[in-house]
Amino acid sequence: MKLVKWTKKDNMGIVTLYTSVLFQAPAAQPELINKLHGSKETLQARERGCITEVSFALRGTLMKKFRFTDLLALLFLAGVAFIFIYPTSYGVYTRWYAAAPALLSFLKFAVLATFGEMLVARLQRGSYLPAEFGLLPKAAVWGVLGVFIWIAFGIFSKGVTGTFFPGLENPGVGLRLLNALAISFFMNLIFAPVMMMTHHLTDLHIARNGGHFPLAGQPLLPLFQGINWERMWGFVYKKTIPLFWIPAHTVTFLLPEELRVLFAVVLSVFLGLLLTIKKS
């Protein structure tokens, strides 16, 4: 039996709440964590502004136990890396991308971006597929977003270059870098906020429907009302776009076209993991 304690100093003194957690087999621990995080006592503690030490204490306990699913995740990452390192498989990939770039963009985001969310869930909740995760809906949403990202890459790379650098052929390093920065700047200023908001709304929709994505009879207003605008504007828009996405996508547009969407997926996964580790 382990006692978990929340404390907060405020004008009313020290508020203390104890919740006990019985550690069972490793397979049962993620379910216990989910129940604890969704319990009435936890919600009351959060509403009162208490510090939830359990989030980090139990997360560290879970992550110390290397599981068979972690081995599978490492093997999956090694397999993906092999495709792009081994010349033969990379040649097959480039031919497929040339033949069907939209389809490959859908598959890359559907598989890799969803896998990134699974990694975040493993770090935060101890399981790659916690209850009501919504694997297939998330994969479908990421796939559709991946197609739109591929379209946006084409529109902005050709549009910005044609507008500001017409007739650009065999540019030097400085001009290539300036062109890539301009593409990234305008894409993240115009397209990225809409895409980020769309993804956030779909995540809310999946979470509110128990891991499903019903299409009929779902009003949009409650979803917009559920947005944490302080975080969306104060952090996602004001910090991640200028400090991360614009510099990162400058690198994206220096890469060959067939690697740009793939690199965008890698950036999404990297940022999600970075923020999760930082929060811990």
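The values are calculated or read from the model by the stated rules, or taken from the named source; none is laboratory data. Computed from a predicted structure; not experimentally measured. Positions of Cβ are backbone-derived with ideal geometry, glycine not excepted, and every protein chain shown enters the neighbour counts.
Can you pull out the residues in segment 124-139 that are buried (at least 17 other Cβ atoms within 10 Å of the Cβ), assigned to a helix (DSSP H, G or I) and not polar (S, T, N, Q)?
Taking segment 124-139 first, the residues buried (at least 17 other Cβ atoms within 10 Å of the Cβ) are 124-128, 130, 133-134, 137-139.
Remaining after also requiring assigned to a helix (DSSP H, G or I): 124-125, 137-139.
Scanning segment 124-139 gives ARG125, PRO137, LYS138, ALA139.
If SER55 satisfies all but one of (1) assigned by TED's automatic domain parsing to the domain that holds GLY210; (2) modelled with pLDDT under 95, what's the number of the condition it fails?
Of the numbered conditions (1) assigned by TED's automatic domain parsing to the domain that holds GLY210; (2) modelled with pLDDT under 95, the odd one out for SER55 is (1).
Could you go through segment 206-229 and let me know if any residue there is under 16 Å from the mean Cα position of the chain (by Cα), of a type in the set (Val, Ile, Thr) and surrounded by 13 or more Cβ atoms within 10 Å (Cβ to Cβ). Lay out the reasoning, then the answer.
Within segment 206-229, the subset under 16 Å from the mean Cα position of the chain (by Cα) is 206-207.
From the residues that got through so far, the ones that are of a type in the set (Val, Ile, Thr) too are 206.
Among the residues that remain, those that are also surrounded by 13 or more Cβ atoms within 10 Å (Cβ to Cβ) are: 206.
Checking segment 206-229: at least one residue is under 16 Å from the mean Cα position of the chain (by Cα), of a type in the set (Val, Ile, Thr) and surrounded by 13 or more Cβ atoms within 10 Å (Cβ to Cβ).
For segment 218-241, state whether one or more residues are among the hydrophobic types (A, V, I, L, M, F, W, C), under 23 Å from PHE153 (Cβ atoms) and out of contact with any His (no Cβ under 9 Å at 6 or more places or on another chain). So that I can check it myself, show each step before the final result.
Narrowing segment 218-241 to residues among the hydrophobic types (A, V, I, L, M, F, W, C): 220-221, 223-224, 227, 229, 232-233, 235-236, 241.
Of the ones still in play, those that are also under 23 Å from PHE153 (Cβ atoms) are 236, 241.
Next, only the ones that are out of contact with any His (no Cβ under 9 Å at 6 or more places or on another chain) stay: 241.
Yes, segment 218-241 contains at least one residue that is among the hydrophobic types (A, V, I, L, M, F, W, C), under 23 Å from PHE153 (Cβ atoms) and out of contact with any His (no Cβ under 9 Å at 6 or more places or on another chain).
Could you list, in sequence order, all residues of segment 225-247 that are aliphatic (A, V, I, L, M) and in contact (Cβ under 8 Å) with a residue 40 or more places away in the chain?
Restricting attention to segment 225-247, the residues satisfying the condition of being aliphatic (A, V, I, L, M) are 227, 232, 236, 241, 243, 246.
Those that are aliphatic (A, V, I, L, M) and in contact (Cβ under 8 Å) with a residue 40 or more places away in the chain: VAL236, ILE241, ILE246.
Of a type in the set (A, V, I, L, M, F, W, C), within 26 Å of MET197 (Cβ to Cβ) and crowded, with 17+ Cβ neighbours inside 10 Å: which single residue out of ILE149, ILE155 fits that description? Reasoning before the result, please.
Details: ILE155 fails: crowded, with 17+ Cβ neighbours inside 10 Å.
None of the others qualify; the one that does is ILE149.
Out of LEU177, LEU255, LEU168, I need the residue that is in contact (Cβ under 8 Å) with a residue 12 or more places away in the chain and touching a helix residue (DSSP H, G or I) at 6+ places or on another chain (Cβ under 8 Å). Which one? Steps first, please.
Working: LEU255 fails: in contact (Cβ under 8 Å) with a residue 12 or more places away in the chain; LEU168 fails: in contact (Cβ under 8 Å) with a residue 12 or more places away in the chain.
Answer to the selection: LEU177.
Can you tell me how many residues in segment 247-258 are at pLDDT 95 or above, more than 17 Å from the chain's Cα centre (by Cα) and part of a helix (DSSP H, G or I)?
4
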